[in-house]
Amino acid sequence: MIKVNALHKKFGRLHVLKGITNQINQGEVVCVIGPSGSGKSTFLRCLNLLEQPSSGQIFFEGKEITDYQKININKVRVEMGMVFQRFNLFPHMSVLDNICLAPVKVRNLSREEAEVRAYSLLGKVGLQDKALAFPDKLSGGQQQRVAIARALSLQPKVMLFDEPTSALDPEMIKEVLEVMKNLGKEGMTMVVVTHEMGFAREVADRVLFMDDGLIVEENTPAKIFSSPQNERTKMFLSKIL
Amino acid sequence: MGYKWSWNVIVRSFPLLLAGAGLTIRLTCIAVGMGILIGTFVGIGRVSKNKFIFTLSSIYVNFIRGTPLLVQLYLFYFGLPALLGFPIPPFPAAILSMSINSGAYVAEIVRAGIQSIDQGQMEAARSLGMTYHQAMKYVIIPQTFKRIIPPLGNEFIAMLKDSSIVSVIALEELVRKGYLVMGRTFRSFEVWTAVAFLFLFMTFPIAQLVNFAERRLKQND
Ligand SMILES: Nc1ncnc2c1ncn2[C@@H]1O[C@H](COP(=O)(O)OP(=O)(O)OP(=O)(O)O)[C@@H](O)[C@H]1O
Ligand SMILES: [Mg+2]
């Protein structure tokens, strides 16, 4: 579904991604782990072109999306939902409006259609009764579940998560992971940058370990957690497990 | 100091001064209203990635903020007519220069307002497939409204005071009226005290509103 080829990203003189080649398959849940500053977020943000790669190619469903002359970035992004560490809900809109905005403005759905869809998504994340609330009246966990519903509002083919539980109080992490777990079970293709090793172990089909701008090791969660091959993976896992 | 304060002068000249204050308010409201219109577009231009739009709006803002309002007024009242070959009456000249002046200051307020919005908002909007234009229109700009109310109030106060400059082209706003009354009564101390307090009566309530709005905003953050 997504193919990444020799992806490099530099911020000025800072070389953050140093040649990433990988592939995300349809229906797969891929967790990306690694130390802070290793380039996990940057990698994820390159996938939907929130960051423009310095070189290399990204293919989405066979089409090269790094071919900026030919591709409409906005059309590509419609196919990819993204969930941020800090939720980024629109604070001046109700939960319902947050979810309806893109379907109405980007996909030209009628307000009625968009609302029907929004309520069904809110049901999915267990927040139907909060439709008319404003984000600042919700807990962090609730906000992140709304953000997931919003990201799903365009019926994307892939969901990208950037540390979706890192900004949450411990007691709220579970409710968000639960929603993500269900999404994975439904067959959603997901790329999840996370520090939740329990989640990776349980839900991921594959785990990528990133260090210093490269994917140093990848394997099934069972293998990578029980018998990491690379020294750096071993060191990282020994520190956090 | 044998000066004898005369309430009588103030009472008698009050209607005249009040009329002047009326014109001061009218000039300021029109100018700041136009300034908000101009400033919104120029402010958005100041965060544009389009080099041409950015440069154009920057030149405007820097030119206006780097030159005195008095000179701008003379440019429209004396300069432009010389160029066009017909005179511009004082009122339109005053409105024109004050609006264009206010537009530059409002533009900076709008720019700062836009830049104060968390980057994540733009990213979230763009990740939902919105164009830059849509993201600005539906997500960024609406959030700046609340934040720019206090600085806009300050701009209104500043413009209200600066509007006294148009007295030099014989527009009978508050300060000009002050001159007239002074010439007639020779009671300069009473006259300018009255003028000062009339300005204060206009600016003080707005300043209080600005304070109130600022406190409310802080609470919400
Ligand atoms: N927009 C940017 N401009 C300049 N440098 C950046 C930018 N974004 C990221 N970086 C730098 O790139 C490096 C990798 O950042 P990135 O956010 O991808 O790491 P990460 O693996 O997600 O780390 P974390 O676990 O802390 O989120 C860091 O050194 C960071 O400072
Ligand atoms: Mg990160």
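The values are calculated or read from the model by the stated rules, or taken from the named source; none is laboratory data. This is a predicted model, so every value here is computed, not measured. Here the Cβ is made from the backbone with ideal geometry for all residues, glycine too, and neighbour counts use every protein chain on show. Ligands, DNA and RNA are excluded from the accessible area calculation, which covers all protein heavy atoms including side chains. Shrake-Rupley method; radii C 1.70, N 1.55, O 1.52, S 1.80 Å.
For this structure, a couple of remarks:
- Centre-to-centre separation between the Cα atoms of region B:119-170 and those of region B:71-117: 18 Å.
- Neighbour net charge for residue B:161 - beta-carbon separation under 12 angstrom, K R +1, D E -1: -3
- Extent along principal axes [Cα atoms of region B:36-141; Å; largest to smallest]: 54, 21, 21
- Cross-link partners of residue A:185 among lysines (Cα-Cα below 17 Å; sequence separation of 8 or more within a chain): A:124, A:157, A:174
- Cα point-scatterer Debye curve for region A:117-195, base-10 log of I(q)/I(0) at q = 0.13, 0.14 Å⁻¹: -0.36, -0.42
- Accessible-area value, residue A:220, 1.4 Å probe, nucleic acids and ligands omitted, Å²: 50 Å²
- Estimated dipole of the protein assembly as shown in Debye, rounded to 20 [Cβ of Lys and Arg +1, of Asp and Glu -1, Cα centre]: 980 debye
- Checking every one of the chymotrypsin sites (Phe, Trp or Tyr not before Pro) in region A:32-127 against DSSP loop status and a limit of 13 other Cβ atoms within 10 Å picks out A:68.
- Residues A:206, A:232, sorted by accessible area with the largest first, give A:232, A:206 [1.4 Å probe; ligands and nucleic acids excluded].
- Relative to the current alpha-carbon distance between residue A:61 and residue A:110, full extension at 0.36 nm per residue lengthens the span by 14.8 nm.
- A crude spin-label estimate for the pair residue B:26 and residue B:11, with each label 7 Å from Cα along the Cβ direction, gives 2.9 nm.
- Two tests apply to each whole DSSP H helix in chain B, Cα reach of 24 Å or more along its axis and mean Kyte-Doolittle hydropathy of at least 0.5, and the ones passing both are B:7-45, B:90-115, B:188-220.
- Pairs of lysines in region B:10-220 whose Cα atoms sit within less than 28 Å of one another amount to 9, provided the residues are eight or more positions apart or on different chains.
- Where N is the number of residues in region B:10-220, Cα Rg divided by 2.2 N^0.38 Å: 1.20
- Loop-resident sites, region A:2-40, for trypsin sites (Lys or Arg not before Pro), counting at most 16 other Cβ within 10 Å (DSSP): A:13
- Largest to smallest principal axis extent of the C-alpha atoms in region A:90-241, angstrom: 54, 29, 26
- Cα→Cβ-extended label distance, 7 Å offset, between residue B:215 and residue A:182, nm: 4.5 nm
- Structure remark: mean-square fluctuation, Gaussian network model of chain B, C-alpha springs under 10 Å; the largest value among B:138, B:60, B:77 belongs to B:138.
- Dipole magnitude of region B:10-220 about its Cα centre (Cβ charges: Lys, Arg +1; Asp, Glu -1), debye to nearest 20: 220 debye
- Where only alpha carbons of the protein assembly as shown are counted, the Rg and the Dmax (Å): 30.2, 100
- Centre-to-centre, using Cα atoms only, region A:167-230 and region A:51-90 are separated by 21 Å.
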